[in-house]
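Only one structure is covered here, and it is reproduced in the block below.
The values are calculated or read from the model by the stated rules, or taken from the named source; none is laboratory data. Since we're looking at a predicted model, the values are computed, not measured. Neighbour counts run over all protein chains shown; Cβ positions are idealised from the backbone, glycine included. When the accessible area is computed, the model is the full protein with side chains, heavy atoms only, and any ligands, DNA or RNA have been set aside. Shrake-Rupley method; radii C 1.70, N 1.55, O 1.52, S 1.80 Å.
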Amino acid sequence: MKLEHGHIYIKDIVLGDKTQVEGGVLTVDAQALIAHLKEDNKVKNVKVDLARPGEEIRIIPVKDVIEPRVKVIGEGNGFPGVTSKIAQMGEGKVHILSGVAIVTIGDIVGFQEGVIDMWGEGAKWTPFSKTLNIVVDIEPVEGLDPHVHERTVRFAGLRAAEFIGFAGKDVEPDEVLVYEIGTQVEETAKYPDLPRVAYVEMLISQGLLHDGYIYGVNSQQILPTLLHPNEELDNAVISGNCVAACDKITTYQHQNNAVILDLYKEHGKTINFIGVILTPELTTLEGKFRTCDYTAKLCVNLGADAVIISEEGYGNPDSDLVMICKRCEQKGIKTVLITDECSGWDGMSQPLTDMAEEAVAVISTGNVSHVVELTAAKKVLGVAEAIYTLAGGWEGCIAEDGSMKCELNAVIGSTSEIGYHNCTVELY
Amino acid sequence: MKIVYYVNQFFGQIGGEEKAGTPPQYVDKAVGPAGGFQTLIKDEAQVVGTIICGDNYFNEHKEVALKEILAMVKDSGADLFVAGPAFNAGRYGMACAQVSAAVQKELEIPALTGMYEENPGLEEARSEAYVIKTGDSAGTMRKALPLMAALGLKLLKKVAPGLPSEDGYFAQGRRVTVFSDKRGSVRAVEMLLKRLAEEPFVTELPMPVFDNVPPAQAIADLSKATIALVTSGGIVPLGNPDRIQSASAQKWGKYDISGKKALKGDFYTIHGGYDPVYANAYADRVAPLDVLYELKEEGIIGDVYPYFYTTTGTGTSVASSVAFGKEIGKELKEAGVSGVLLTST
């Protein structure tokens with residue numbers, strides 16, 4: 001498969017009469033975007049705001065972050081199986097409004113949405129303080145069943161990304177990055193001596209607000225499945241999650257999966273990158289055994305010499321993480337795990353809820369309970385008090401002067417377990 | 001700034017084993033290693049006194065000795081407490097460790113000691129006080145004291161200590177979130193390449209060690225047993241009156257359910273880790289008071305304990321969970337509850 005990412009580097013975003021890119025500036029026609037989203041009769045109201053890096057803006061509660069793109073060559077514009085008809089993804093050319101993100105906020109169904117601060121201390125903790133954010137506040141019509149409410153908001157975000165992404169269709173990209181990996185037979189012939197490396201990406205699959213989707217299929221309903229890395233880099237995987245904000249994999253992070261991109265850099269040089277295995281994190285014991293056995297079996301059958309395994313969330317998926325590790329290591333496959341920790345406010349608690357002695361190589365992306373102090377924002381997009389019920393917040397965590405304390409739990413992408421951010425833990 | 005020092009009878013120059021029964025005494029000058037420590041920190045602070053205590057006295061009268069020593073430290077108005085180093089001396093190590101930990105914990109005065117890695121005192125002190133790594137005998141005093149002095153000055157000046165490897169102390173077990181110059185995925189790929197090349201690498205998260213809880217005895221006669229309902233599923237009265245967190249709980253709640261046949265209608269979930277829709281519709285799906293009540297009606301169990309205990313399990317640290325469990329368990333034990341139906345999500 002060969003996929004080209006044509007990056008159109010966006011330097012600024014402004015509101016205007018026409019959604020277009022000129023001289024690196026993206027103009028957003030907010031009215032047209034709102035009208036587009038309201039074509040869904042379950043969407044009652046939409047507000048559109050902009051938030052740029054450095055502006056004293058707090059965005060809360062954030063549901064998802066999505067990169068605006070358009071497919072210019074090859075099939076499957078948008079998010080096939082979700083917002084557009086099904087298509088085989090991973091080939092062709094995509095134009096990306098690079099540096100721009102759609103950030104969806106809105107009335108909360110669950111408790112696990114997040115915060116983005118665009119400036120100061122808070123900005124250090126989230127990768128999405130560095131993007132030019134188009135903040136879309138979605139209010140669905142009253143009386144929706146919670147599951148429909150959630151789907152409505154999720155779809156609206158994806159459709160907003162499609163709508164904005166279309167502005168890049170006829171713009172010449174500033175840089176084109178090519179992602180090409182052939183069949184197993186071809187790559188093995190080319191690199192017979194390079195170690196074969198797979199990537200196991202675990203996806204939360206635990207019901208409303210807690211599911212990842214692959215081509216529109218809820219990962220809860222799948223056996224672990226093999227993807228070409230290009231498929232994920234081409235909108236095949238989306239977030240349906242409102243798990244703790246710190247380590248949920250937003251759609252943007254699937255589109256730009258850091259492990260896939262960094263393994264790609266080594267492909268053909270030090271490794272033969274043989275594929276991505278998406279593994280659901282199920283809640284039942286039988287489910288865990290089935291998926292962990294199956295994942296290890298796929299790694300064995302692919303002839304993997306080594307795998308990187310990334311978790312999504314924490315708590316019971318810690319078991320899946322170490323179970324997959326154990327099974328792979330016992331088959332002679334070397335593993336590196338990526339996880340975050342729940343070490344408590346003081347960092348003195350046991351960091352994981354399960355362990356395996358085979359887990360000798362682990363990347364820690366931070367303690368989700370690390371408490372940060374964020375100064376008062378000049379402007380809040382959304383509802384500041386949402387922090388009281390979010391995972392990582394608590395009643396009264398906003399002081400009178402508007403400053404706020406919260407755990408990293410509440411900060412989007414702060415402890416990304418696909419290694420999208422740069423937090424780690426040192427033992428003191 | 002003032003420093004108070006602690007040594008045993010030997011380093012306190014009172015005598016050897018024959019003086020090991022000496023009770024604690026306060027000398028208002030630097031004695032033994034305290035003198036060396038004073039020389040190293042020059043005039044940045046003053047060792048105002050040395051507490052000398054026999055090793056046997058401390059270990060045989062621990063409670064009394066600790067009380068006496070803590071009073072001496074408090075009276076001295078010290079800004080820093082230093083003990084030892086104890087090297088691999090077991091009784092001296094236990095004394096240095098326990099006094100340092102108590103000074104730090106109870107008086108909130110920074111406490112520093114030093115010992116060899118196999119000293120049994122290490123585990124008593126390391127999570128509270130700073131313990132400098134030393135050799136196994138007093139022959140390594142010349143290496144140990146400069147490290148202790150350097151870290152002592154940092155503590156006096158309220159400068160955050162560096163990494164254990166930088167400042168020469170045993171890790172306290174505090175996992176601190178910091179920024180790396182590389183994102184996590186890059187670090188993962190680099191670690192993988194090292195593993196493949198069979199080069200040395202350092203894991204960022206050594207596997208934790210788990211404790212084991214022995215199961216309680218079986219209940220001989222359920223029909224006479226009072227059963228309590230406890231959950232980590234975040235089921236709380238509507239409105240969440242105690243504001244229990246939706247993740248990373250810092251507290252638990254206790255609610256009167258006497259006379260209730262089910263939680264449905266009056267309770268819902270604030271747990272952030274699962275689909276709340278079905279639990280909100282019928283809270284007994286998570287904490288089944290309804291079924292427990294039926295069992296009582298049928299005479300299968302004796303009674304349902306009239307209070308329901310709850311917290312949120314998701315993201316809650318193991319240390320907090322252990323503390324909650326001990327607190328709740330104590331109440332239930334004292335109330336004569338025979339068994340607990342403990343549900344998780």
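Using the beta-carbon distance between B:MET1 and A:GLN221 and R0 = 45 Å, what value does 1/(1 + (r/R0)^6) give for FRET efficiency, to the nearest 0.05?
Values: r = 66 Å, r/R0 = 1.46.
With a Förster radius of 45 Å, E is 0.10.
Compute and list, largest first, the equivalent-ellipsoid semi-axes of chain B from the alpha carbon gyration tensor, each √(5λ) rounded to a whole angstrom.
51, 28, 18
Over chain A, with a Gaussian network built from C-alpha contacts below 10 Å, which listed residue (A:VAL21, A:VAL148, A:VAL371) shows the highest mean-square fluctuation?
Looking only at A:VAL21, A:VAL148, A:VAL371, the largest GNM fluctuation is found for A:VAL148.
Assigning unit charges at the beta carbon (Lys, Arg +1; Asp, Glu -1) and nothing else, what dipole magnitude in debye, to the nearest 20, does segment B:222-343 show about its Cα centre?
Working: 12 positive and 13 negative charges, 55 e Å.
Dipole about the Cα centre, nearest 20: 260 debye.
Could you identify which residue out of A:GLU67, A:GLU56, A:GLU113 has the top mean-square fluctuation in a GNM of chain A using Cα springs shorter than 10 Å?
Maximum fluctuation in the GNM of chain A, among the listed residues, is at A:GLU56.
Could you tell me the relative contact order of chain B? Use alpha-carbon pairs under 8 Å, at least six residues apart, and round to a whole percent.
Values: 629 pairs, mean separation 44.0, N = 345.
Reported relative contact order: 13 percent.
Going toward the positive end of the dipole of the protein assembly as shown, with +1 on Lys and Arg Cβ and -1 on Asp and Glu Cβ, which of A:GLY366, B:ALA287, A:PRO127 do you reach last?
Looking along the dipole axis, the top candidate is A:GLY366.
Got the relative contact order for segment A:2-410 handy, in percent, Cα pairs under 8 Å and 6 or more residues apart?
Working: 983 pairs, mean separation 73.4, N = 409.
Computed value for segment A:2-410: 18 percent relative contact order.
Please calculate how many Å² of accessible area the protein assembly as shown carries per residue, with a 1.4 Å probe and no DNA, RNA or ligand atoms counted.
Accessible surface, normalised per residue, equals 40 Å².
What whole-number distance in Å separates the alpha-carbon centres of segment B:128-164 and segment A:292-341?
41 Å
Along the positive direction of the dipole of segment B:222-343 (beta-carbon charges: Lys, Arg +1; Asp, Glu -1; about the Cα centre), which of B:ILE244, B:ILE270, B:ALA228 reaches farthest?
Selected residue: B:ILE244.
Computing the accessible area with a 1.4 Å probe over protein heavy atoms, can you report the carbon and sulfur percentage for segment B:2-167? Walk me through the intermediate numbers first.
Details: 3670 of 7400 Å².
Answer for segment B:2-167 is 50 percent, counting heavy atoms of protein chains only.
All other residues with a Cβ under 11 Å from the Cβ of B:GLU294 taken together, and with Lys, Arg as +1 and Asp, Glu as -1, what is their net charge?
Numbers: positive: B:LYS261, B:LYS296; negative: B:ASP284, B:ASP290, B:GLU297, B:GLU298.
Spelling it out: positives minus negatives among the neighbours equals -2.
Compute the semi-axes of the equivalent ellipsoid of segment A:15-162, taking the square root of 5 times each eigenvalue of the Cα gyration tensor, and list them largest first in whole Å. Mind dumping the intermediate values first?
Values: eigenvalues 102, 94, 47 Å².
So the three semi-axes of segment A:15-162 are 23, 22, 15 Å.
Count the DSSP beta bridges whose two residues both fall in the protein assembly as shown, then state the antiparallel fraction as a percent rounded to the nearest 5.
Details: 61 of 137 bridges.
Of all bridge pairs located within the protein assembly as shown, approximately 45 percent are antiparallel.
Checking the cross-link filter: which lysines have an alpha carbon closer than 18 Å to that of A:LYS297, excluding same-chain neighbours under 8 positions apart?
A:LYS288, A:LYS326, A:LYS331, A:LYS334
Using only DSSP helix segments of four residues or longer, with each worth -39500 (n - 2.57), what per-residue ellipticity at 222 nm results for chain A after dividing by its residue count and rounding to 500?
-6000 deg cm²/dmol
What distance in nm separates the simple spin-label points at A:GLU39 and A:VAL25, each placed 7 Å from Cα in the Cβ direction?
Roughly 2.9 nm, to one decimal.
At 7 Å along the Cα-to-beta-carbon direction for both B:LYS105 and A:VAL300, put a label point, then send me their distance in nm to one decimal.
My value for the distance between the label points is 4.8 nm.
Output the antiparallel fraction of DSSP beta bridges having both residues in chain A, as a percent to the nearest 5. Walk me through the numbers on the way to the answer.
Details: 44 of 92 bridges.
Restricted to chain A, the bridges split so that about 50 percent are antiparallel.
Along the charge dipole of the protein assembly as shown, pointing to its positive end and built from +1/-1 on Cβ of Lys, Arg, Asp and Glu, which listed residue (B:GLY15, B:LEU147, B:VAL186) has its Cα farthest out?
Projecting each Cα onto the dipole axis, the largest value belongs to B:GLY15.
Take peptide A:391-399, look around each residue's Cβ out to 10 angstrom, count Cβ atoms belonging to other protein chains, and average those counts.
Numbers: counts 10, 6, 4, 9, 5, 1, 1, 0, 0.
Shielding by partners across A:391-399 averages 4.
For B:LYS182, which aspartates and glutamates qualify as cross-link partners when the Cα separation must be under 13 Å and same-chain residues fewer than eight apart are set aside?
Filter leaves A:ASP262, B:GLU190.
Just the accessible area for A:ASP170, please: 1.4 Å probe, Å², rounded to the nearest 10?
140 Å²
How big is the gap, in Å, between the Cα center of segment A:379-428 and the Cα center of segment B:168-216?
Cα centroid of segment A:379-428 versus Cα centroid of segment B:168-216: 24 Å apart.
Hey, could you get me the Stokes-Einstein D for segment B:222-343, Kirkwood radius over alpha-carbon pairs, 10 °C and 1.306 mPa s, rounded to whole µm² s⁻¹?
On the way: Rh = 14.4 Å.
My calculation gives 110 µm²/s for D.
Looking at segment A:64-106, which trypsin sites (Lys or Arg not before Pro) are in a loop (DSSP not H, G, I, E or B) and have at most 14 other Cβ atoms within 10 Å?
Details: sites: A:ARG69, A:LYS71, A:LYS85, A:LYS93; in loops: A:LYS85.
Here the trypsin sites (Lys or Arg not before Pro) that fit, given the DSSP loop and packing criteria, are A:LYS85.
Using a cut-off of under 19 Å, list every residue of segment B:151-185 whose amide N is near the label point 7 Å from the Cα of B:GLU117 along the Cα-to-beta-carbon line.
Residues B:163-174 qualify, since their backbone N sits under 19 Å from the label point.
Can you tell me how much longer the chain between A:LYS265 and A:GLU172 gets when fully stretched, taken as 0.36 nm per residue apart minus their C-alpha distance, in nm with one decimal?
31.0 nm
Could you sort B:MET72, A:MET202 by accessible area so the largest value comes first, with the probe set to 1.4 Å? Before the final figure, lay out the partial values.
On the way: B:MET72 40, A:MET202 0 Å².
The most accessible residue leads, giving B:MET72, A:MET202.
At 0.36 nm per residue, and after removing the present C-alpha to C-alpha distance, how many nm does the segment from B:ALA197 to B:LYS251 gain when stretched out fully?
Working: separation 54, 0.36 × 54 = 19.44 nm, distance 4.74 nm.
Full extension of this stretch gives 14.7 nm more.
Pairs of alpha-carbon atoms within less than 8 angstrom and 6+ residues apart define the contacts here; what relative contact order does segment B:222-343 have, in percent?
On the way: 240 pairs, mean separation 55.6, N = 122.
Relative contact order here is 46 percent.
In segment A:320-428, what trypsin sites (Lys or Arg not before Pro) fall in a loop by DSSP, with at most 12 other Cβ atoms inside 10 Å? Numbers along the way, then the final one.
Values: sites: A:LYS326, A:ARG327, A:LYS331, A:LYS334, A:LYS378, A:LYS379, A:LYS405; in loops: A:LYS331, A:LYS378.
In loop regions of segment A:320-428 (DSSP not H, G, I, E or B), the sparsely surrounded trypsin sites (Lys or Arg not before Pro) are A:LYS331, A:LYS378.
Treat every Asp and Glu Cβ in segment B:1-115 as -1 and every Lys and Arg Cβ as +1, leave all other atoms uncharged, and give the resulting dipole magnitude about the Cα centre to the nearest 20 debye. Intermediate results must be reported in sequence, preceding the final value.
Details: 9 positive and 13 negative charges, 17 e Å.
My answer is approximately 80 debye.
Tell me, what is the 1.4 Å probe accessible area of B:GLU117, in Å² to the nearest 10?
Rounded to the nearest 10, that gives 110 Å².
Which part of segment A:44-59 falls in the paramagnetic zone of B:ARG243, meaning amide N under 16 Å from the point 7 Å along Cα-to-beta-carbon?
From segment A:44-59, the list is empty.
Quick one: dipole size for segment A:1-82, taken about the Cα centre, charges +1 on Lys/Arg Cβ and -1 on Asp/Glu Cβ, in debye to the nearest 20. Let's see the in-between values first.
Details: 12 positive and 13 negative charges, 49 e Å.
The dipole magnitude comes to about 240 debye.
Given the options B:GLU294, B:GLU166, B:GLU68, state which has the largest fluctuation in a GNM of chain B using a 10 Å cut-off (strictly under) for Cα springs.
Of B:GLU294, B:GLU166, B:GLU68, the Gaussian network model singles out B:GLU294 as fluctuating most.
For the protein assembly as shown, which semi-axes, largest first and in whole Å, follow from the square roots of 5 times the eigenvalues of its Cα gyration tensor?
After scaling each eigenvalue by five and taking roots: 50, 34, 26 Å.
Can you give the % of DSSP beta bridges in chain B that are antiparallel, to the nearest 5?
Given both bridge residues lie in chain B, the antiparallel proportion sits at roughly 30 percent.
So which GluC sites (Glu not before Pro) in segment A:359-400 pass both tests, a DSSP loop state and at most 12 other Cβ atoms within 10 Å of the Cβ? If you can, show how the numbers build up before the last one.
Values: sites: A:GLU373, A:GLU385, A:GLU395, A:GLU400; in loops: A:GLU395, A:GLU400.
Within segment A:359-400, the qualifying GluC sites (Glu not before Pro) (loop, at most 12 other Cβ atoms within 10 Å) are A:GLU400.
When ranked by the protection proxy of mean other Cβ atoms within 10 Å per residue, highest first, what sequence do the peptides A:117-125, A:216-224 form? Show your work: numbers first, answer last.
Values: A:117-125: 20.3, A:216-224: 16.7.
Ranking the peptides A:117-125, A:216-224 by packing returns A:117-125, A:216-224.
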